[in-house]
Amino acid sequence: MTTLLCLLYAALCIVAFRLLRLPVNQWTLTTTVLGGVVLIGGIVIAMNYNHPFTTEARLYFYATPISPAVNGQVVDVPVAPNTHVKKGDVLFRLDPRPFEYALAHRKAALAKAQQDALERQAALKAANAAVDGARDSRDRAKDDYDRRATANAHAGGKGDAPFSEAEVVNRRDLYLAAESALASAAAQADQARLAANAQIGGVDTTVAQLEAEVARAEFDLEQSVYRAPTDGYAAQVFLHPGMMAVSLPLRPVMTFVHTDRRVFAAAFNQLSLQRVAAGDEAEISFAAVPGQVFRGTVKTVVETMATGQLEPSGTLLAPDDRQAPGRMITVIDLGEEVAAYNLPGGATAEVAVYTKSMEALAIIRRILLRMRAWENYLVFDR
């Protein structure tokens with residue numbers, strides 16, 4: 001930018017000396033040089049502070065390393081590299097048979113557990129019925145014993161007792177045996193109740209556990225077919241049938257590039273962003289589209305820089321460590337006209353932001369940015 005301004009000023013000076021026929025001497029030359037330094041220096045400082053410019057801007061994209069959630073042998077890879085797919089399209093399939101077998105095994109175990117739960121409920125009913133029967137038998141035995149013992153107690157003499165002592169003892173033994181049978185039946189009923197009422201959320205615990213295992217087996221079977229998480233494409237597909245896909249995050253089988261969301265961000269000098277705010281106008285010149293300047297709007301100014309990040313480690317922070325000063329990241333919303341051009345993810349650009357201060361200088365910044373855009377036609381790659 002400074003070079004362009006100097007060239008423009010030099011051209012104006014040459015035209016002025018030729019047309020106005022100014023004398024060329026040490027005074028006019030010194031005045032011209034000093035005036036240029038003051039004028040261009042003032043313009044550059046004012047523009048950089050009020051209408052910042054940067055060459056460090058890039059179109060960022062999101063990429064996801066694809067790792068399967070389950071282990072298995074690849075049987076099909078229908079996706080082609082760098083071919084756009086829709087959300088839900090199949091990227092690759094694993095051999096489903098191990099997962100189908102595991103699901104069938106758990107479903108069978110679940111069916112048996114459900115049958116066992118019904119049997120435990122039936123056993124509880126039978127145990128409760130046994131308790132009722134034992135209680136009735138105990139009550140009858142007790143009534144027989146009490147009636148005979150009471151009748152003998154009210155008899156006038158030993159010879160007048162309506163029942164023999166042996167019969168009373170026998171009835172008492174029968175009563176005590178019925179009492180023991182009732183206690184045993186009650187204990188069995190408690191045991192059956194504990195087994196039948198072992199539930200969580202109203203469901204038998206064994207059934208609930210196996211239902212969770214069935215759901216997990218169904219999930220594993222579903223994950224044997226990996227689908228595109230969003231619209232996008234798979235880059236560098238080296239996966240082929242017969243390979244083993246392992247669920248290790250550090251060993252992805254392919255990389256998926258998302259096309260449903262991109263972020264355009266520019267890095268500015270810290271001093272340049274003192275007046276930049278969300279909503280300010282921005283202009284962008286992409287190196288891939290020479291001669292074109294696109295409009296945008298500042299979306300947000302990131303409040304932190306990577307150079308100030310602190311992370312836990314075993315090394316103490318040394319204030320004298322030399323670090324780069326760092327730049328502030330500004331996220332910019334691009335206009336609709338950018339969509340008409342084929343801009344790959346990672347495309348570089350130059351950005352100028354126009355604040356509400358000293359708006360007259362924005363005209364110079366706009367002219368200089370357009371000159372830079374035309375310079376993009378000069379490609380010297382061999």
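Values quoted throughout were computed directly from the atomic coordinates according to the rules given, and no laboratory measurement underlies them. This is a predicted model, so every value here is computed, not measured. Using ideal geometry, Cβ is built from the backbone for each residue, glycine included, and neighbour counts are taken over all protein chains shown.
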Within a Gaussian network of the chain (alpha carbon springs, distance under 10 Å), most fluctuating of VAL37, VAL276, VAL246: VAL37
Spatial separation of Cα centroids for the range 311-382 and the range 73-148, in angstrom: 62 Å
0 to 90° range, to nearest 10: angle between helix 205-223 axis and the chain longest Cα axis: 30 degrees
Nearest-20 debye value, the chain charge dipole, Cβ charges on Lys, Arg, Asp, Glu: 1460 debye
For SER247, distant residues with modelled amide H under 5 Å away: ASN71
Fluctuation leader among GLU165, GLU211, GLU56 - the chain, Gaussian network, Cα springs under 10 angstrom: GLU165
Placed amide H near LEU94: partners under 5 Å, 5+ positions off or other chain: VAL75, VAL225, TYR226
Degrees between helix 26-50 axis and first principal axis of the chain (Cα, 0 to 90, nearest 10): 20 degrees
GNM result for the chain, Cα springs below 10 Å: residue of GLY88, GLY133, GLY296 fluctuating most strongly: GLY133
About the Cα centre, charge dipole magnitude for the range 213-350 (Lys/Arg +1, Asp/Glu -1 at Cβ), debye: 260 debye
Furthest towards positive pole of dipole, ALA127, ALA217, ALA195, structure part the range 118-221, Cβ charges: ALA127
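Go ahead and estimate [θ] at 222 nm for the chain from helices alone: -39,500 (n - 2.57) per DSSP H run with n ≥ 4, summed, over the residue count, rounded to 500. Walk me through the numbers before you get to the answer.
Details: 6 runs with 165 residues, N = 382.
The helix-only estimate for the chain comes to -15500 deg cm²/dmol at 222 nm.
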Given the chain, longest segment not containing exposed loop chymotrypsin sites (Phe, Trp or Tyr not before Pro) (DSSP; at most 11 other Cβ within 10 Å): 1-237
Amide H contacts of ASN376 (H built 1.01 Å from N, under 5 Å, at least 5 apart or other chain): GLY291
Extreme residue, positive dipole direction of the range 16-172, given options ALA166, THR64, THR83 (C-beta unit charges): THR83
